[in-house]
Structures are given as C-alpha cells and as structure tokens.
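Participant: My questions will all concern the structure given below.
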Amino acid sequence: MTDLFGIMRAPRAILFGNGQRLALGRVAAALGQRVLICTDERFAGTPEMSELLASLETAGVRVQVYDRTQPDLPVDGVYECVAAHRAFQPDAIVGLGGGSCLDMAKLVSLLLAHGGQASDYYGEYKVPGPTIPVIALPTTSGTGSEVTPVAVLADSARDLKVGVSSPHLIPHTAICDPELTLTCPKGLTAIAGADALTHAIEALTAVRRSPDADIAQTRVFVGKNAFSDQQALVAIRALASYLPRAVENGADLHARGQVMAAALAAGLAFGVAGTAAAHAIQYPIGALTHTAHGAGVATLMPYVMDFNAPACAADYAAISQAMGDTETDPGRLAANAPRHVYELFAGIGIPATLEGLGVRADQLDWIAAQSMLAARLVTNNPRPLDQAGIAAIVAAAHAGHGSFRPSR
C-alpha cells in the first residue's frame, strides 16, 4: 500500500459557469486600475469582446488591447506585445482566447515583471518571483492553461517548441464561461477536447516518485499523486460522455460546459503530475507537419498506451471504468483501455495514424531522436523510455499497428 501523497496548485479563484465572464470588470478592479488584454484578431471583433470591455469600463478600469496573438505563439509576438504596452504599466493582464492567448498573457506578465528574454526562463523553476496577476478567460476547452504553471511558445532559434514552467505562472483568477465556447468550430472542439483527454490520461499514468519533502520545491511536475489522480478521472469521465456530444452539436451548452469543466480538471491534474511520452513525441511531429498539437498527441495516445500497458494495469482499469466499461475482470478492463480511447478519438475525427498526419516513414528516426530532447516528459513516462522505445511507438503509430485496431 502506497502512503497517501498529494500536491495541488491552482489559481486563487476559479469562477465557472454560464455568464461568469461578466464578472471580469469587478475581478480586474480588485487588482488595479490598468488592465492589458491579450487576445487575437478574431475574438477582438466579436460582440462578446465589446461586452467584456463594457464590463471593465463600468468597473472604472482603463484598458489596452493587444489583439495580434498568433497560433503556436511565436516569441517575437511576445516581445512585440511587451514593447507596445510596457509604458502602460498594467496592474493585471487578461488572457482571452485559446491556449496561445492565455500563454501570451502569462509570458507578457513574466517579462514585464522581471525583464530579460524569454529564453532566460526556459525550463523549470527559472522564474525568480511573482509576476503581474493574470486573469484567464479561455474560449476553447483543451489546453487547461487557465490553471497550469506552464506557457509554451515557438522560438525561431530552436527547432521545437519550448516551455516556461513555474508556479508563478499560474493565473491569479480563471474565469471559465462555457458560453464563450459556443462559436468554437467542430474540428477545433474535437482537437481541443482530445488534447484535454491526453492531459488527463498522461497525468493519471505518470511515473510515481518518492514523495520527499523537497519534491514540490524542486519539481514543477512531481508525477502521479492522489490529488492529480482524482482530477484526471473527473476529466476522463466527463470527456467520455460529453466530448462526442459537443463535437456533434456545438449548440449543446450542457455538453460544452461539461467539456470545459473536464479541460479545467485535466489542467489541474497535469499541472502537478505532468505529461509524458505522447507530448514528448508530438513536439517534433508538430514541427515537421505543422499540425495541431491536440491532433498529434491524440493520434499518439493509444499507441503510447499500448507501450505503457505493462506498467499501468490498475490505472488502465480505472480509465476503462471512467469511460463506461462495465467489465468486472480487472485484467480485461485494463486491456480494453487503449481501445476505448482509440474509438472515442476515431469517432470525433482524430487521424488514426501518424501517416494520416503527414509524417513520412523516412522521418521516424529523426522524430525518435528529437523526442528524447524533452527529458522532463520522457522521464515522467510510467514505463522507462529510451530512444529505442520511442522508435517502437512511432513505428507502430505510423503503420497503425495497435492492439486496439481491428485487423486490416
């Protein structure tokens, strides 16, 4: 029996529910009188944006808006935003949009507070102290960035995306309003929700480390623990039931709400437990194919689950139960888990193989070698992982060889 051990990190407040976006003005006013909004061009032109600006104006808050956030968050955009709004000296920064907009707010907050270059902070625990408070309002349900200690960006000086990880990056307040996701297109709803499910699965199955008293002070991502397990299972249960509904009918506000709550729970889970092989392998795949992060990790996930199966029997049985499997034999439950995940993803349009993402066979060795550079993710995998193991995963995922796939 393992001693009970858990770590939880979260925003100071999470406001969740339809219409909660209208609390923005009062939440921001409690932090100061000057607010910078980081969003993108699409959302900046919506009625919802006008509504939020009115909320801030009513609360007596001065606002500047940066609406040029780009997908995958190029580092030059972060510098542009910092330079354009440094003189404004915002008291709080609002991230409003998808994951890139939320991560933009986190990184702008960091650089305005501590200066320097983004590269000064790449990795874990490089942020020296508190940053400008961030209020996160997601408009998609996937990244969990509204509650996580990480921001991911693309640096042209590096081949792969890079991340800054620190508890200081966790937003001060998360405002999660499912109504903001109603205009999210079908394909993006599927990809974002699939990303959330991979977060939950990889958090639940992360390596279990010895829980010494220094672990949370020296690691942002501590591995599997009691609190992250509970959040991960909440997310898996909700996504299994409601993600297909939200993809099929984007106007189903109840399903939208359940998926948004699941993405938040998955963010709380992996924000302390971390992710593993599927995320490590996706980084070079994303660099090669320029396909969406959520599509990449979801395509990989069942194949990664096959590889990790010898180390994850109890967790896989829990996943199957959370996804509605009524089998009573624990061994069969565990064996069924990769198939349940594969079938859910297939049903919402996630590609079945890496070939379907545009990966060529002659790129597989490079992908395996580059994946090993994500050491934090590789060492968080529940089954020990080396380059040969990653090569086996990518070969299976490219060819479509998995225990969960029908014979072809």
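The values are calculated or read from the model by the stated rules, or taken from the named source; none is laboratory data. For clarity, every value in this text was computed on a predicted model and none was experimentally measured. Neighbour counts run over all protein chains shown; Cβ positions are idealised from the backbone, glycine included. Protein only, heavy atoms only, side chains kept; ligands, DNA and RNA dropped before computing areas. Shrake-Rupley method; radii C 1.70, N 1.55, O 1.52, S 1.80 Å.
Participant: Out of contact with any strand residue (DSSP E or B) (no Cβ under 7 Å at 6 or more places or on another chain) and farther than 20 Å from Ala273 by Cβ - does that describe any residue in the stretch 373-384?
Facilitator: Yes, that holds for at least one residue.
Participant: Restricted to the stretch 223-253, and to residues that are crowded, with 16+ Cβ neighbours inside 10 Å and of a type in the set (Lys, Arg), which residue is nearest to Ala313 (Cα to Cα)?
Facilitator: The residue in question is Lys224.
Participant: So, in the stretch 206-217, how many residues would count as being open to solvent by 10 Å² or more (accessible area, probe 1.4 Å), closer than 22 Å to Val341 by Cβ and either under 16 Å from the mean Cα position of the chain (by Cα) or free of Cβ contacts under 8 Å to residues at least 12 places away in the same chain (or both)?
Facilitator: 0
Participant: Here's a follow-up. Taking the conditions exactly as written (free of Cβ contacts under 8 Å to residues at least 40 places away in the same chain, open to solvent by less than 10 Å² (accessible area, probe 1.4 Å) and not in a helix (DSSP H, G or I)), does Gly129 satisfy them or not?
Facilitator: Values: free of Cβ contacts under 8 Å to residues at least 40 places away in the same chain: yes; open to solvent by less than 10 Å² (accessible area, probe 1.4 Å): yes; not in a helix (DSSP H, G or I): yes.
Here the answer is yes, as Gly129 does meet what is asked.
Participant: Tell me the residue from Val220, Val152 that is open to solvent by 20 Å² or more (accessible area, probe 1.4 Å) and either closer than 27 Å to Ile367 by Cβ or of a type in the set (Phe, Trp, Tyr) (or both), please. Show your work before the answer.
Facilitator: Values: Val220 fails: open to solvent by 20 Å² or more (accessible area, probe 1.4 Å).
Exactly one of Val220, Val152 is open to solvent by 20 Å² or more (accessible area, probe 1.4 Å) and either closer than 27 Å to Ile367 by Cβ or of a type in the set (Phe, Trp, Tyr) (or both), namely Val152.
Participant: Go through (1) modelled with pLDDT of 95 or more; (2) touching a Lys or Arg at 6+ places or on another chain (Cβ under 6 Å) for Asp325 and report which single condition fails.
Facilitator: Exception for Asp325: condition (2).
Participant: Which condition number does Ser241 fail, the rest of (1) more than 18 Å from the chain's Cα centre (by Cα); (2) closer than 21 Å to Ala118 by Cα; (3) not in a loop (DSSP other than H, G, I, E, B); (4) not acidic (Asp, Glu) being met?
Facilitator: Unmet condition: (2).
Participant: Continuing with this model, one more query. Out of all the residues in the stretch 245-285, which are polar (S, T, N, Q) and outside any helix (DSSP H, G or I)? Step through it out loud before you land on a result.
Facilitator: Our first condition is that a residue be polar (S, T, N, Q); within the stretch 245-285, this holds for 249, 258, 275, 282.
The answer is Asn249, Thr275.
Participant: Search the stretch 303-315 for residues that are farther than 19 Å from Ala352 by Cβ and pair each with any residue that is of a type in the set (Gly, Ala, Ser) when their beta-carbon atoms are under 6 Å apart and the residues are at least 6 apart or on different chains.
Facilitator: Note: pairs meeting the criteria are Ala313/Ala334.
Participant: For the stretch 294-301, indicate whether the set of residues that are open to solvent by less than 10 Å² (accessible area, probe 1.4 Å) and without any contact (Cβ under 8 Å) to a residue 40 or more places away in the chain is non-empty.
Facilitator: No.
Participant: Can you pull out the residues in the stretch 88-109 that are in a helix (DSSP H, G or I) and open to solvent by 10 Å² or more (accessible area, probe 1.4 Å)?
Facilitator: Phe88, Gly99, Ser100, Asp103, listed by residue number.
Participant: Being more than 19 Å from Ile191 (Cβ to Cβ) and open to solvent by 60 Å² or more (accessible area, probe 1.4 Å): is that true of Ala314 here?
Facilitator: Details: more than 19 Å from Ile191 (Cβ to Cβ): yes; open to solvent by 60 Å² or more (accessible area, probe 1.4 Å): yes.
In short, yes.
Participant: Of Leu180, Leu160, which residue is in contact (Cβ under 8 Å) with a residue 24 or more places away in the chain and not in a loop (DSSP other than H, G, I, E, B)?
Facilitator: Details: Leu160 fails: not in a loop (DSSP other than H, G, I, E, B).
Testing whether each residue is in contact (Cβ under 8 Å) with a residue 24 or more places away in the chain and not in a loop (DSSP other than H, G, I, E, B) leaves just Leu180.
Participant: Can I ask one more? Could you list, in sequence order, all residues of the stretch 1-20 that are surrounded by fewer than 13 Cβ atoms within 10 Å (Cβ to Cβ) and basic (Lys, Arg)?
Facilitator: Hit for the stretch 1-20 is Arg12, nothing else.
Participant: Among the residues of the stretch 71-83, which ones are under 18 Å from Phe43 (Cβ atoms), of a type in the set (A, V, I, L, M, F, W, C) and surrounded by fewer than 20 Cβ atoms within 10 Å (Cβ to Cβ)?
Facilitator: None - no residue of the stretch 71-83 is under 18 Å from Phe43 (Cβ atoms), of a type in the set (A, V, I, L, M, F, W, C) and surrounded by fewer than 20 Cβ atoms within 10 Å (Cβ to Cβ), so the list stays empty.
Participant: Report whether or not Pro338 is at pLDDT 95 or above and in a helix (DSSP H, G or I). It would help to see each step written out before you state the result.
Facilitator: Values: at pLDDT 95 or above: yes; in a helix (DSSP H, G or I): yes.
Answer is yes for this residue.
Participant: What's the total number of residues in the stretch 41-87 that are in contact with a Gly (Cβ under 8 Å, 6 or more places away or on another chain), over 22 Å from Ala151 (Cβ atoms) and of a type in the set (Ser, Thr, Tyr)?
Facilitator: Residues flagged as in contact with a Gly (Cβ under 8 Å, 6 or more places away or on another chain), over 22 Å from Ala151 (Cβ atoms) and of a type in the set (Ser, Thr, Tyr) within the stretch 41-87 amount to 2.
Participant: Need a quick list: strands (runs of 3 or more DSSP E) entirely within the stretch 1-85 having at least 3 residues that are aliphatic (A, V, I, L, M). Before you say what the answer is, go through the steps one by one.
Facilitator: Details: elements: 13-16, 34-38, 62-66.
Filter on the stretch 1-85 gives 13-16, 34-38.
Participant: If you scan the stretch 362-376, which residues turn out to be within 20 Å of Ile201 (Cα to Cα) and either in contact with a Ser or Thr (Cβ under 6 Å, 6 or more places away or on another chain) or open to solvent by 40 Å² or more (accessible area, probe 1.4 Å) (or both)?
Facilitator: Restricting attention to the stretch 362-376, the residues satisfying the condition of being within 20 Å of Ile201 (Cα to Cα) are 371, 374-376.
Result: Ala375, Arg376.
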